[in-house]
Amino acid sequence: MSAVETIALILIIVSAIKIIFLLVKPGAWFNTVGKLWMKPGVATVVALVLGGLVLKYLLVELTIVQIVAVCAFYSMFFWIALAPYKNDWYNMVTRELSSGNIWKKNWLSTLLWIAIMVWVLKKLFA
């Protein structure tokens, strides 16, 4: 099994477990994952480590351009998932923007995204 196939299989297994928990006992999933989200520092480190590992193995078989193209595809599913929460999402974003703290909370993800954008542009126009 290739690196990409292994990553896909792991995602499918974790997703299936999540869906089963959400169908059978929704609170159990949230109690587990919610604890991680209540610790943003820990969640960030976990996401960075896992993201770095996944990227390392994806780059064995794919280019960064291909990976970002897949991100565009996935973002449509994320958009669909957020659509039912439009009012909550809109209110949260409006509150964050008006507080002036949005960059304090999002500097790392923005910096990472800029780095990826530059990387892709260099590959596309090299």
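The values are calculated or read from the model by the stated rules, or taken from the named source; none is laboratory data. The structure displayed is predicted, hence computed values, not measured ones. Backbone-built Cβ (ideal geometry, glycine too); neighbour counts: all protein chains shown.
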- Message: Against the condition free of Cβ contacts under 8 Å to residues at least 24 places away in the same chain and either assigned by TED's automatic domain parsing to the domain that holds residue 117 or not aromatic (Phe, Trp, Tyr) (or both), how does residue 72 come out, does it pass?
- Response: yes
- Query: Out of (1) within 28 Å of residue 6 (Cα to Cα); (2) without any contact (Cβ under 8 Å) to a residue 12 or more places away in the chain; (3) surrounded by 12 or more Cβ atoms within 10 Å (Cβ to Cβ); (4) more than 13 Å from the chain's Cα centre (by Cα), the odd one out for residue 47 is which?
  - Reply: (4)
- With the condition kept exactly as written, say whether any residue in the stretch 67-89 is over 24 Å from residue 10 (Cα atoms) and outside any helix (DSSP H, G or I). no
- Task: Of all residues in the stretch 29-44, count the ones that are of a type in the set (Gly, Ala, Ser) and either surrounded by 12 or more Cβ atoms within 10 Å (Cβ to Cβ) or outside any helix (DSSP H, G or I) (or both).
- Result: 1
- Message: Among the residues of the stretch 92-114, what is the count of those that are surrounded by 11 or more Cβ atoms within 10 Å (Cβ to Cβ) and either in contact (Cβ under 8 Å) with a residue 12 or more places away in the chain or not small (Gly, Ala, Ser) (or both)?
- Response: 12
- Task: Answer with yes or no whether residue 6 is within 26 Å of residue 104 (Cα to Cα) and assigned to a helix (DSSP H, G or I).
- Result: no
- Message: Please count how many residues of the stretch 53-69 are in contact (Cβ under 8 Å) with a residue 40 or more places away in the chain and of a type outside the set (Asp, Glu).
- Response: 9
